[in-house]
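Report on the structure given below.
The values are calculated or read from the model by the stated rules, or taken from the named source; none is laboratory data. Nothing here was measured: the structure is a model prediction, and the numbers come from that model. Don't worry about glycine lacking a Cβ; one is built from the backbone with ideal geometry, like all the others, and counts go over all protein chains shown. Surface areas here come from the heavy atoms of the whole protein model, side chains and all, with no ligands, DNA or RNA. Shrake-Rupley method; radii C 1.70, N 1.55, O 1.52, S 1.80 Å.
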Amino acid sequence: MDNKTLFLKNPEHYIPQFGGYCAYGMSEGYKAPIQPEAFTIVDNKLYLNYNLDVKEMWLKDQKNRIEKASKTWEKIKKGK
């Protein structure tokens, strides 16, 4: 199966977390743009970061950062 077919079968699987904003920034409570090369995949989920330096900080405490970012993202999605 080619990549396009895989994507079309399950596009949600490939959507970046936190609306495509920087995961590190989201863990700090704000939305920030990303650099496409600064990404990680954790438990089959795509996380993007502001740049490669921020990605390194993200990697040091990834589990905790994901938890914090998830809470922030829920608030943003609800408009709070």
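Values computed for the structure shown
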quantity: ASP43 vs. criteria at pLDDT below 95, out of contact with any Ser or Thr (no Cβ under 8 Å at 6 or more places or on another chain) and open to solvent by 90 Å² or more (accessible area, probe 1.4 Å); calculated: yes
quantity: Residue match in the range 15-29 (condition: over 17 Å from GLN62 (Cα atoms) and aromatic (Phe, Trp, Tyr)); calculated: no
quantity: Filter result (farther than 13 Å from CYS22 by Cβ and β-branched (Val, Ile, Thr)) within the range 35-64; calculated: ILE41, VAL42
quantity: Candidate set: the range 1-36, residues that are of a type in the set (D, E, K, R) and not in a helix (DSSP H, G or I); chosen: the one modelled with the lowest pLDDT; calculated: ASP2
quantity: Residue check, ASN51 of a type in the set (S, T, N, Q) and surrounded by fewer than 14 Cβ atoms within 10 Å (Cβ to Cβ); calculated: no
quantity: Qualifying residue in the range 54-73 (condition: in a helix (DSSP H, G or I), modelled with pLDDT under 95 and surrounded by 12 or more Cβ atoms within 10 Å (Cβ to Cβ)); calculated: no
quantity: Restricting the range 1-34 to residues that are within 13 Å of ILE76 (Cβ to Cβ) and in contact with a Cys (Cβ under 8 Å, 6 or more places away or on another chain), the residue that is most open to solvent (accessible area, probe 1.4 Å); calculated: LYS31
